[in-house]
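Have a look at the structure below before the remarks.
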Amino acid sequence: MNLLFVASECTPFIKTGGLADVIGAVPKALAAEGVSVRVLIPAYPALSDHIASGTQVAQFDDLFGGRARIVAAQADGLDLLLLDAPHLYDRAGSIYLGPDGQDWHDNDLRFAALSYAGAQIGVGCLDNWTPDVINAHDWQAGLVPAYLRQHDGPTPPVVMTIHNIAFQGVFDATRLGALGLNADMFTPDGVEYYGKISFLKAGIALSQKVTTVSPTYVAELLTPDFGMGLDGLLRARQSDLSGILNGIDLDVWNPATDPALVATYSAKSMKGKARNKAEVMSRFGLTDGDGPLFCVVSRMTSQKGLDMLLDCLDDLVGHGAKLALLGSGEPGLERAFIDASNRYAGSVGTIIGYDEDLSHLMQAGSDAILIPSRFEPCGLTQLYGLRYGTLPVVARTGGLADTVIDANEAALLADCATGFQFAPITSTMFAHTIARACALYQQPKIWGAMMRRAMRHPVGWDLSAAAYLDVYTAAQES
Ligand code: ADP
Ligand code: GLC
């Protein structure tokens with residue numbers, strides 16, 4: 001099977017969150033299933049070396065306001081198709097936001113172009129390769145099936161994958177013509193969404209199959225609380241909707257070989273973990289103690305529930321625990337954690353920024369990772385935590401609920417606990433659960449057994465890759 005991925009990010013080239021990790025990892029897992037995947041992403045400045053060394057395979061005289069081309073390049077085990085459109089993507093800074101911190105003013109055109117190029121590949125614009133199925137990821141690729149609908153002639157089926165329904169790509173209806181969409185696409189069955197255009201809505205309405213990234217998130221998406229305005233449409237498409245749990249790249253995230261660690265370790269020989277802990281403590285200015293070291297590696301937005309962590313800091317420090325936080329996002333939250341590091345100097349350390357290597361070191365050196373998300377389609381940091389023996393303390397929602405087994409009495413007796421869950425998702429329950437984790441940490445035998453069990457928990461892609469293949473096959477048959 002030939003498969004085209006269309007997405008706005010891909011590890012290790014360009015990443016703002018978990019989407020990139022998934023796009024970088026799944027093609028390798030699908031290769032083992034006999035699927036050949038090519039990944040279409042925008043040629044942002046970070047891709048310039050690959051543009052220079054790649055081969056042009058298609059061109060557009062005018063792609064939403066400028067010349068553009070598709071350049072094929074092999075890199076990091078991936079077969080990339082880079083959409084080189086300097087007028088849209090050759091910009092310094094964030095891939096989604098301008099220097100003023102707001103969305104780029106032309107994000108509709110930037111990602112319509114990505115979707116349009118994906119659709120063109122679907123209908124044969126490359127010489128020797130046409131996909132049997134297209135997998136469009138998140139709103140940035142949502143218009144792929146819309147452009148395919150406008151094509152006369154056979155088109156491949158599309159699977160739309162929702163990584164986060166909070167981002168829907170909603171734009172003014174007056175943009176229809178500029179986006180190259182015909183007037184008859186502006187209907188409730190097409191791109192129309194409460195009088196506006198929604199890229200994600202279009203993707204959900206017009207694709208043959210729809211997936212999201214965990215079984216619990218599927219169930220949540222069908223409710224008004226989590227569906228964020230799209231629950232009605234998703235209920236209507238329920239028979240074509242499935243939840244396939246994310247995995248992680250076991251080569252990139254492997255404590256036995258990870259070059260970002262100061263010492264490697266494994267479930268059989270855990271000694272190295274302590275050296276990583278010492279390094280994290282020193283990098284975050286934390287003083288020694290006999291409590292656990294908690295970490296957070298996260299975008300700082302209301303989704304991630306870090307305001308609740310602020311409410312818990314008195315308790316956390318009171319239990320003798322330490323906190324190392326790496327993140328960036330909402331300025332108010334950034335400031336609050338910097339203030340907290342001053343207030344609880346030596347016990348709370350904050351680094352504002354994005355640092356891939358440091359995130360690996362923190363997964364290795366911490367005792368537990370805190371993830372109090374209000375909603376979490378899947379979440380990857382708890383999976384990295386499991387793999388590194390860093391027990392996840394998570395809100396019971398989405399993929400967090402599906403991947404962590406709470407250390408309640410029954411699970412401890414049955415030797416199956418791998419972390420801690422809390423619900424309802426409130427500061428009070430979070431504080432209570434942090435206290436539970438601190439207490440269990442003082443029982444090294446139980447904690448050690450949980451660490452080793454967490455490290456053995458299957459977090460790879462093999463099962464999920466097979467599930468994706470089933471969906472692609474079903475899309476071809478529908
Ligand atoms: P989301 O995609 O909603 O941000 P995920 O848990 O799926 O959440 O993925 C987040 C990814 O981004 C993980 O790989 C995590 O390690 C990484 N990450 C988040 N914030 C940072 C940061 N400040 N520095 C380095 N990596 C980060
Ligand atoms: C989104 C979600 C996150 C998920 C990631 C990859 O960014 O917020 O929960 O793990 O996509 O699917």
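Computed from the coordinates by the stated procedures, all read-outs in this text should not be read as laboratory data. These numbers come from a predicted model, not from an experiment. Using ideal geometry, Cβ is built from the backbone for each residue, glycine included, and neighbour counts are taken over all protein chains shown.
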Cα-based helix-to-principal-axis angle, 271-283 vs the chain, degrees rounded to 10
80 degrees
Specify the angular offset, from 0 to 90 degrees and rounded to the nearest 10, of the alpha carbon long axis of helix 444-456 from the longest principal axis of the alpha carbons in the chain.
20 degrees
Suppose we keep just the DSSP beta bridges with both residues in the chain; what percent of those would be antiparallel, to 5?
30 percent
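First obtain the Kirkwood hydrodynamic radius of the stretch 271-456 from its Cα pairs, then insert it into the Stokes-Einstein equation at 4 °C and 1.567 mPa s, and state the resulting D in µm² per second as a whole number.
It diffuses with D of about 81 µm²/s by this estimate.
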Hey, could you grab the Kirkwood Rh for the stretch 1-108? Inverse mean 1/r over distinct alpha carbon pairs, Å, one decimal.
14.5 Å
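What relative contact order, as a whole-number percentage, does the stretch 271-456 give when Cα pairs under 8 Å and 6 or more residues apart are counted?
Values: 362 pairs, mean separation 42.0, N = 186.
Taking the mean separation of contacting Cα pairs over the length of the stretch 271-456, I get 23 percent.
Once you keep just the Cα pairs under 8 angstrom separated by 6 or more residues, what percentage relative contact order results for the chain?
Values: 985 pairs, mean separation 59.4, N = 478.
Normalised by residue count, the contact order of the chain is 12 percent.
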Electrostatic dipole magnitude of the stretch 257-415 [Cβ: Lys, Arg +1; Asp, Glu -1; Cα centre; debye, to 20]:
360 debye
Spin-label pair R299/N342, simplified geometry with 7 Å Cα→Cβ offset, distance in nm
2.9 nm
Chain lengthening between Q238 and A474 when straightened (0.36 nm per residue, less Cα-Cα)
83.5 nm
A219 to K196: extension gain in nm, 0.36 nm per residue of separation minus the Cα-Cα distance?
5.6 nm
Over what distance in Å are the Cα centres of the stretch 88-164 and the stretch 390-441 separated?
39 Å
Over the stretch 242-296: Kirkwood hydrodynamic radius from C-alpha pairwise inverse distances, Å:
13.3 Å
Treating the beta-carbon of each Lys and Arg as +1 and of each Asp and Glu as -1, no other charges, what is the dipole magnitude of the stretch 303-395 about its Cα centre, to the nearest 20 debye?
140 debye
Label-to-label distance, nm, for residues given as N254 and T130 (7 Å Cα→Cβ offset):
3.9 nm
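Going down the list K15/K277; K201/K304; K28/K322; K322/K445, which pairs span over 29 Å between their C-alpha atoms?
K28/K322
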Which trypsin sites (Lys or Arg not before Pro) in the stretch 369-453 sit in a loop by DSSP (not H, G, I, E or B) and have at most 12 other Cβ atoms within 10 Å of their own Cβ?
none
Gain on full stretching of the segment that runs from A449 to A166 - 0.36 nm per residue minus C-alpha separation
98.1 nm
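If you place +1 on the Cβ of every Lys and Arg, -1 on the Cβ of every Asp and Glu, and leave all else neutral, what size is the dipole of the chain about its Cα centre, to the nearest 20 Debye? Before the final figure, lay out the partial values.
Details: 33 positive and 51 negative charges, 222 e Å.
Once rounded to the nearest 20, the dipole reads 1060 debye.
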Any idea what log10 I(q)/I(0) is at q = 0.14, 0.23, 0.30 Å⁻¹ for the stretch 1-59, Debye with uniform C-alpha scatterers and no solvent?
-0.42, -1.01, -1.23
Two decimals, Cα atoms only, Kirkwood Rh: what is Rg/Rh over the stretch 146-249?
0.98
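Set the Förster radius R0 to 51 Å, insert the Cβ-Cβ distance between A183 and R456 as r into 1/(1 + (r/R0)^6), and round the FRET efficiency to 0.05.
Working: r = 57 Å, r/R0 = 1.11.
Computed FRET efficiency for A183 and R456 comes out at 0.35.
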Listed residues A256, G101, L310: farthest to the positive end of the dipole of the chain (Cβ charges):
A256
Viscosity 1.002 mPa s, temperature 20 °C: give me the Stokes-Einstein translational D for the chain in µm²/s, with Rh taken as the Kirkwood radius over C-alpha pairs.
93 µm²/s
As I understand it, the value is the acute angle between the Cα axis of helix 427-441 and the longest principal axis of the Cα atoms of the chain; what does it come to in degrees, rounded to 10?
60 degrees
Which value in deg cm²/dmol, rounded to the nearest 500, describes the helix-derived mean residue ellipticity at 222 nm for the chain, given -39,500 (n - 2.57) per DSSP H run of n ≥ 4 and division by the residue count?
-11000 deg cm²/dmol
With the charge dipole of the chain built from beta-carbon charges (+1 for Lys and Arg, -1 for Asp and Glu) about the Cα centre, the Cα from P145, Q363, A117 projecting farthest to the positive end belongs to Q363
Between A92 and D290, what is the label-to-label distance in nm when each label sits 7 Å out along the Cα-to-Cβ direction?
5.3 nm
Listed residues G419, W461, A437: farthest to the positive end of the dipole of the stretch 399-478 (Cβ charges)
A437
